Amino acid sequence: MDAIYALIDRLSLWCEQFNIDLSRLADVLAYDPAQPLLFNTGLFLMLFAVFLAFYTLLRPWRAGRMAFTIAFSLYFYYKSSGLCVFILMGVALSDWLLGLAMGASERRWVRRLIVGANLAVNVGMLAYFKYFNLLLDTLGNILDTRIDFWDIMLPAGISFFTFRSISYIVDIYRGHAVPCRSLLDYTFFLTFFPPLLAGPVVRAKDMLPQVASNPRPDRAMTSEGVWLIILGIVKKMVIADFISGNFVDRVFDNPALYSGFENLMATIGFTIQLYCDFSGYSDMAIGLALLMGYRFGENFNAPFKAQNPTEFWHRWHISLSTWLRDYVYIPLGGNRCSRPRAYFNQFATMVIGGFWHGASWMYVIWGAVHGALLVIHKSVRALIPVPAVVAGEDGSVALGSGGSPARVSMWLKGVNMAGTFMLVAIVFMLFRARSLEDVGMMWHQIIYDFHLSVAPQFVAGYTAIVLAMLFGYIVHVSPSRLTAPVKSWFMGSPVLVQVLFLALALFVGIQVRSSDIVPFIYLQY
């Protein structure tokens, strides 16, 4: 005890010498619902640097390293959701016990009962925390009476860690994974902080083998991690936050004050903002994991290059799309049935995916519209088969699965890409607007009050916004043969150069952002 008191006295003296207010430090480290610990904050970057130093030192002691990471992850979650951290810990313990029970039983009915228990826990939590007040509001509208909302705090990232929980138990049931025998390993997987709040949706069968191997990041992984963190900072702080705060939010908050042209530009701007915000988080999460030796799958694959709605969902939020495919679409019957039933399965999956996004019927409508677009596209493709597009070695494009000589100019590909982007952007209006009334007002302005003549004034008044939108879109759709050399050069550059670019990205991001930290959009899901 004397040694502990002596250490406390020494720390107090050190803080006094450097004018560090311990009470202020305690306030910063404590839970504050208005100040979650986000990737795009200076506090997180400082804490992560300290964490990474200890994480590296603890590598020879695997159990200690994992316990330290779990403690940091739980603190990270506590900063976002307070005492809801105990819900996360409870889910980890429940999954581990149910997984062991599943592995110990060969009886089909018992295994199904375990799956049902896991679904009841996770879906029940989602229903209560995310959708209970929506159901109350809907019931009140049906009964034409006012029902007071309950004061329910939504745990951050609940949709993401419940999806990981469900996939773990279902994969064991299907024989695609084995039960995790170590509670430490499973808790590490479920609470691992990079993807905890907003994805990617990491599955146990992909990550638990990595956890067991106690990985060490090599130079290539570290360089790639820093590269992705820089991309995430630029996407989030330089493009998404700038577009949002200075233009998009203003139009969506009061669309009647703006011309149809400005409403359309805001819709396009929000689509670019959402992509940069969400993929920026995914980039940073994957990059942070790489710095610790863990590799996740790609979550976005240039979705604005998609040629049709089906391809868009093969490129957008890949971890969620594949999760819905494996755990919703296939159990509904997938395409192993009649064509009308397969179309219904796809439509229902998209509606469920829309409902997953939040407690608003706007998300359900958004998912239903996307489901309808997928069904329409597949129906047209079934009635009018379109030959495959084949790229030649010289960069030309040909039609025909066998690489037939029928040449198609690049403009057709560009038209398909631009058309799909505009279609997706228009549907994202439902995702961002507060109500169907706002959507109706935006369409009224676009149809009856477009005023293309305001375009020059718009460009002059929002020059920086236009440049940010163009930069975000053009870099996104640029051929990989143009962007890959930049990444290769960065990954081969000295560590000092990489650190300087990281510092530059942070500096630029801080300079262009507003006075307040803007949370990532998908933290609310």
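The values are calculated or read from the model by the stated rules, or taken from the named source; none is laboratory data. Small disclaimer: the values here were computed from a predicted structure and weren't measured. As a convention, Cβ positions derive from the backbone with ideal geometry for all residues, glycine included, and neighbour counts pool all protein chains shown. Protein only, heavy atoms only, side chains kept; ligands, DNA and RNA dropped before computing areas. Shrake-Rupley method; radii C 1.70, N 1.55, O 1.52, S 1.80 Å.
When only residues in region 68-84 that are open to solvent by less than 10 Å² (accessible area, probe 1.4 Å) and touching a Ser or Thr at 6+ places or on another chain (Cβ under 9 Å) count, which is farthest from Ile152 (Cα to Cα)?
Step one: list which residues in region 68-84 are open to solvent by less than 10 Å² (accessible area, probe 1.4 Å), which gives 69, 73, 76-77, 79, 81-82.
With the extra rule that they be touching a Ser or Thr at 6+ places or on another chain (Cβ under 9 Å), the set shrinks to 69, 73, 76-77.
Details: Thr69: 29, Ser73: 23, Phe76: 21, Tyr77: 18 Å.
The residue in question is Thr69.
Residues are listed down the side, and each one gets a yes or a no for (1) modelled with pLDDT of 90 or more; (2) within 19 Å of Glu311 (Cα to Cα); (3) assigned to a helix (DSSP H, G or I); (4) open to solvent by 50 Å² or more (accessible area, probe 1.4 Å):
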site: Gly371; (1), (2), (3), (4): yes, yes, yes, no
site: Ile376; (1), (2), (3), (4): yes, yes, yes, yes
site: Val386; (1), (2), (3), (4): no, yes, no, yes
site: Asp394; (1), (2), (3), (4): no, no, no, yes
site: Ala398; (1), (2), (3), (4): no, yes, no, no
site: Ser404; (1), (2), (3), (4): no, no, no, no
site: Trp411; (1), (2), (3), (4): no, yes, yes, yes
site: Met422; (1), (2), (3), (4): yes, yes, yes, yes
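Sort through Val123, Val85 and tell me the only one that's at pLDDT below 90, within 27 Å of the chain's Cα centre (by Cα) and at negative phi.
Values: Val85 fails: at pLDDT below 90.
None of the others qualify; the one that does is Val123.
Any chance region 484-495 includes a residue that's in a helix (DSSP H, G or I), under 25 Å from Phe242 (Cα atoms) and at pLDDT below 90? Talk me through it step by step, then tell me what you get.
Kept after step one, since they are in a helix (DSSP H, G or I), are these residues of region 484-495: 484-492, 495.
Filter again for under 25 Å from Phe242 (Cα atoms), leaving 486-487.
If we keep only those that are at pLDDT below 90 too, we end up with 486-487.
Yes, some residue in region 484-495 is in a helix (DSSP H, G or I), under 25 Å from Phe242 (Cα atoms) and at pLDDT below 90.
Assess whether Glu311 counts as being of a type outside the set (Phe, Trp, Tyr), touching a Lys or Arg at 6+ places or on another chain (Cβ under 9 Å) and open to solvent by 40 Å² or more (accessible area, probe 1.4 Å). So that I can check it myself, show each step before the final result.
Details: of a type outside the set (Phe, Trp, Tyr): yes; touching a Lys or Arg at 6+ places or on another chain (Cβ under 9 Å): yes; open to solvent by 40 Å² or more (accessible area, probe 1.4 Å): yes.
Against the criterion (of a type outside the set (Phe, Trp, Tyr), touching a Lys or Arg at 6+ places or on another chain (Cβ under 9 Å) and open to solvent by 40 Å² or more (accessible area, probe 1.4 Å)), Glu311 qualifies.
Out of all the residues in region 245-260, is one or more modelled with pLDDT under 90 and farther than 30 Å from Gly116 by Cα?
First, the residues of region 245-260 that are modelled with pLDDT under 90: 245-246.
Pick out the ones that are also farther than 30 Å from Gly116 by Cα and you get 245-246.
Yes, that holds for at least one residue.
What is the number of the single condition among (1) touching a Phe, Trp or Tyr at 6+ places or on another chain (Cβ under 7 Å); (2) assigned to a helix (DSSP H, G or I); (3) within 29 Å of Asp241 (Cα to Cα); (4) open to solvent by less than 30 Å² (accessible area, probe 1.4 Å) that Leu290 does not meet?
(1)
Of all residues being open to solvent by less than 40 Å² (accessible area, probe 1.4 Å) and not in a helix (DSSP H, G or I) in region 314-337, which is farthest from Ile172 (Cα to Cα)? Just the residue, please.
So, considering only residues that are open to solvent by less than 40 Å² (accessible area, probe 1.4 Å) and not in a helix (DSSP H, G or I), the one farthest from Ile172 (Cα to Cα) is Trp316.
Take the residues in region 435-468 that are outside any helix (DSSP H, G or I) and surrounded by 12 or more Cβ atoms within 10 Å (Cβ to Cβ), then tell me which one is modelled with the lowest pLDDT.
Restricting attention to region 435-468, the residues satisfying the condition of being outside any helix (DSSP H, G or I) are 435, 449-451, 462.
Subsequent filtering for residues that are surrounded by 12 or more Cβ atoms within 10 Å (Cβ to Cβ) retains 449-451, 462.
Working: Asp449: 90, Phe450: 89, His451: 86, Tyr462: 89.
Ranking the candidates gives His451 first.
Just to be sure, is Asn214 modelled with pLDDT under 90, surrounded by fewer than 21 Cβ atoms within 10 Å (Cβ to Cβ) and over 28 Å from Trp489 (Cα atoms)? Spell out the reasoning first.
Numbers: modelled with pLDDT under 90: yes; surrounded by fewer than 21 Cβ atoms within 10 Å (Cβ to Cβ): yes; over 28 Å from Trp489 (Cα atoms): yes.
Yes: the conditions hold for Asn214.
Within region 338-345, identify whether any single residue is surrounded by 18 or more Cβ atoms within 10 Å (Cβ to Cβ), closer than 25 Å to Ala433 by Cβ and in contact with a Gly (Cβ under 7 Å, 6 or more places away or on another chain), and answer yes or no.
Residues of region 338-345 that are surrounded by 18 or more Cβ atoms within 10 Å (Cβ to Cβ), as a first pass: 342-343, 345.
Those still in the list that are closer than 25 Å to Ala433 by Cβ too: none.
There is no residue in region 338-345 that is surrounded by 18 or more Cβ atoms within 10 Å (Cβ to Cβ), closer than 25 Å to Ala433 by Cβ and in contact with a Gly (Cβ under 7 Å, 6 or more places away or on another chain).
Which residues, taken from region 201-215, are part of a helix (DSSP H, G or I) and β-branched (Val, Ile, Thr)? Talk me through it step by step, then tell me what you get.
Start the filter on region 201-215 by keeping residues that are part of a helix (DSSP H, G or I), which leaves 204-212.
Result: Val211, single match.
Would you check if there is a residue in region 251-260 being open to solvent by less than 10 Å² (accessible area, probe 1.4 Å) and within 15 Å of Val424 (Cβ to Cβ)?
Looking for residues that are open to solvent by less than 10 Å² (accessible area, probe 1.4 Å) and within 15 Å of Val424 (Cβ to Cβ), one finds none in region 251-260, hence no.
Which residue pairs have Cβ atoms closer than 6 Å, lie 6 or more positions apart in sequence or on different chains, and pair a first residue in region 318-334 that is within 15 Å of Phe278 (Cβ to Cβ) with a second residue that is open to solvent by 20 Å² or more (accessible area, probe 1.4 Å)?
Ser321/Trp313
Restricting attention to region 167-200, which residues are part of a helix (DSSP H, G or I) and either closer than 25 Å to Met284 by Cβ or not aliphatic (A, V, I, L, M) (or both)?
Taking region 167-200 first, the residues part of a helix (DSSP H, G or I) are 167-174, 183-191.
Residues satisfying the conditions are Ser167, Tyr168, Asp171, Tyr173, Arg174, Asp185, Tyr186, Thr187, Phe188, Phe189, Leu190, Thr191.
Please work out if Ile474 is at pLDDT 90 or above, open to solvent by 50 Å² or more (accessible area, probe 1.4 Å) and either more than 30 Å from Leu196 (Cα to Cα) or of a type in the set (Ser, Thr, Tyr) (or both). Lay out the reasoning, then the answer.
Numbers: at pLDDT 90 or above: no; open to solvent by 50 Å² or more (accessible area, probe 1.4 Å): yes; either more than 30 Å from Leu196 (Cα to Cα) or of a type in the set (Ser, Thr, Tyr) (or both): yes.
Against the criterion (at pLDDT 90 or above, open to solvent by 50 Å² or more (accessible area, probe 1.4 Å) and either more than 30 Å from Leu196 (Cα to Cα) or of a type in the set (Ser, Thr, Tyr) (or both)), Ile474 does not qualify.
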